[in-house]
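Reading through the structure tokens given below for one structure.
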Amino acid sequence: MSLLISNGRIITASDDYVADVFCEDGTISAIGRNLPSHRFQADRTIDAAGKYVMPGGIDVHTHLDMPFGGTTSADDFESGTIAAAFGGTTSLVDFAIQYRGKTMRHALDDWMARASGKAVIDYGFHMILTELPDAGLGDMDTMVAAEGVTSFKLFMAYPGVFMVDDATIFKALRRTGDNGGLVCMHAENGGVIDVLVQEALRKGQTAPKYHALTRPARAEGEATGRAIALAELARVPIYIVHLSSADALEKVRQARDMGLPAYAETCPQYLFLSSDNYEEPGFDGAKYVMSPPLREKWHQDVLWRGLAKNDLQVISTDHCPFCMSEQKELGKNDFSKIPNGAPGIETRLTLVHHGGVRSGRISLNRFVDLCSTTPAKMFGLFPRKGTIAVGSDADLVVFDPNADRTLSVKTLHMRVDYNPYEGTPVKGAPSIVISRGSVIIEDGRFVGKKGAGRFLKRGPSLAPAGL
Ligand SMILES: [Zn+2]
């Protein structure tokens, strides 16, 4: 099976030129201008004139089919990856959860079973660690060396559920120095937040907005600084997930200015939404209950600057949808029982293109870098994924920079009963999405196959070399 994408404007993290891309057997085999048709006979030709041809988006932070707070995130690996594909994302890295008393092996088998036969795009896993007994250290090595699970997520928040202490964090960090893994940190001070939550509830403050008021930006800044200090002590890189505030960004910036290999991602919700959303009438603030919470609006500009100046390296989604009906409702009388998370897997490229590139905050190349190339480098997928080059997987997006869309739950494909950006007009959207040489989105329809996504055995992060 061969595919020729002709006359598109090729955009990578560093390049911008018009050329044809020839794909054979799932990979890119030639790039050039006016490729001679006798040598490059394609089963199908796509005319991409006037459009961008970009490497498929890579979303390194998703929670499909994830149990949380007595319910399960509303998208499974089929609906979630189809929605991702509609949005121009062709690879994702989700999270397997090692629960206390269970092994990493058990967690990986569990999540493999959730994804295989369902995912329509390629997927890998990070391993969430909730404890680290001595036996676990060897398991970390096995995950990295044999299973291609080369990153580990730890939580400084959610006491009693996911939170681990500094000793556990330090042990995990040190081990990655030996085995080549990378630690990803949920950095919020869970102890402080827990006290604030209990105080609020005692005062009868139960509305969704108190979720945000009990998780102050300082608690994120403190944990971010501590996580970076622990990584410095262990002499290894660290990656902060879903960074939401100026307070936390300041810690990352300081560390990077000192030459430390500290990295961080942010998510569209922190760039486009704010704590004002918690003031929406009735229980609607629950739509935005996620951790970290949405911040005051002024943080947005600081985060955009961080993205432009490489103090932030990645934009992921933290896609973790829960329906208002029956799921978010669990916290109707107690904000601390609202399942944490929001949908976003489908809207990332469109939002960042519209609000970032079109408004002049970041360049087109930086857009590709943040949404595809650096995620691939950070998590051991580059250059197989994350760029347009001979030998790379033919994961491609033909992006129409002039397409007009209005984001709405009525037209998006995520399996959830609301959208945080309802009614937002955006310019620029994927028109054709290609996964390993096969067209999977075309004419606004999914034309791929359930289960066609493959598990990605990832290599080591390029973070130690500097990104
Ligand atoms: Zn998350």
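A Förster distance of 25 Å, applied to the separation of the beta-carbon atoms of residue 280 and residue 411, puts the FRET efficiency at 0.75. Protein heavy-atom accessible surface, 1.4 Å probe, per residue over region 64-218: 34 Å².
As a fraction of the 1.4 Å probe accessible area of region 414-453, surface on carbon and sulfur atoms comes out at 48 percent. Checking every one of the GluC sites (Glu not before Pro) in region 287-391 against DSSP loop status and a limit of 14 other Cβ atoms within 10 Å picks out 296, 326. Of all DSSP bridge pairs formed entirely within the chain, close to 50 percent run antiparallel. With all protein chains in place and a 1.4 Å probe, the accessible surface of region 230-330 carries 47 percent carbon and sulfur.
Over all directions, average the projected area of the Cα convex hull of the chain and note it in nm². Could the numbers behind the result be given before it?
Values: hull surface 80.2 nm².
Over all viewing directions, the chain projects a mean Cα-hull area of 20.1 nm².
Roughly how many Å² is the accessible area per residue of region 241-280, as a whole number, for a 1.4 Å probe?
Per-residue value: 32 Å².
Computed from point charges on the beta carbon alone (+1 for Lys and Arg, -1 for Asp and Glu), the dipole magnitude for the chain about its Cα centre is near 420 Debye.
Under 19 Å of direct C-alpha separation, and excluding same-chain neighbours fewer than eight residues apart, residue 450 reaches these lysines: 118. Only Cα pairs under 8 Å and 6+ residues apart enter the sum, and on that basis the relative contact order of the chain stands at 22 percent. Annotation: for a label point projected 7 angstrom from Cα along Cα→Cβ of residue 334, residues of region 187-223 with backbone N closer than 14 Å are 197-207. A crude spin-label estimate for the pair residue 30 and residue 178, with each label 7 Å from Cα along the Cβ direction, gives 5.0 nm. Only one residue of 360, 390, 406 has its Cα farthest out toward the positive end of the dipole of region 302-407, where Lys and Arg carry +1 and Asp and Glu -1 on Cβ, and that residue is 360.
Taking a ≥ b ≥ c as the square roots of the Cα gyration tensor eigenvalues, with a/c under 1.5 meaning rounded and otherwise prolate when a/b beats b/c, else oblate, which class fits region 415-467? Spell out each step's value before the answer.
Details: a/c = 2.04, a/b = 1.36, b/c = 1.50.
Oblate is the answer for region 415-467, as a/c is 1.5 or above yet b/c matches or exceeds a/b.
Spin-label pair residue 112-residue 325: with each label point 7 Å from Cα along the Cα-Cβ axis, the two points sit 3.8 nm from one another. Note the angle between two axes, namely the Cα long axis of helix 246-257 and the longest principal axis of the Cα atoms of the chain, as a number of degrees from 0 to 90, rounded to the nearest 10. Helix 246-257 sits roughly 70 degrees off the main axis of the chain.
At 0.36 nm per residue, minus the direct Cα-Cα distance, what do residue 167 and residue 205 gain on full extension? Give it in nm, one decimal, please.
10.3 nm
What percent does the relative contact order of region 135-242 come to when contacts are Cα pairs within less than 8 Å and at least six residues apart? Write out the running numbers ahead of the final one.
On the way: 141 pairs, mean separation 33.1, N = 108.
Contact order relative to length: 31 percent.
The values are calculated or read from the model by the stated rules, or taken from the named source; none is laboratory data. Source: prediction; values computed, not measured. Neighbour counts are summed over all protein chains in view; Cβ atoms, including those assigned to glycine, are modelled from backbone coordinates with ideal geometry. These accessible areas exclude ligands, DNA and RNA; they are computed on the full protein's heavy atoms, side chains included. Shrake-Rupley method; radii C 1.70, N 1.55, O 1.52, S 1.80 Å.
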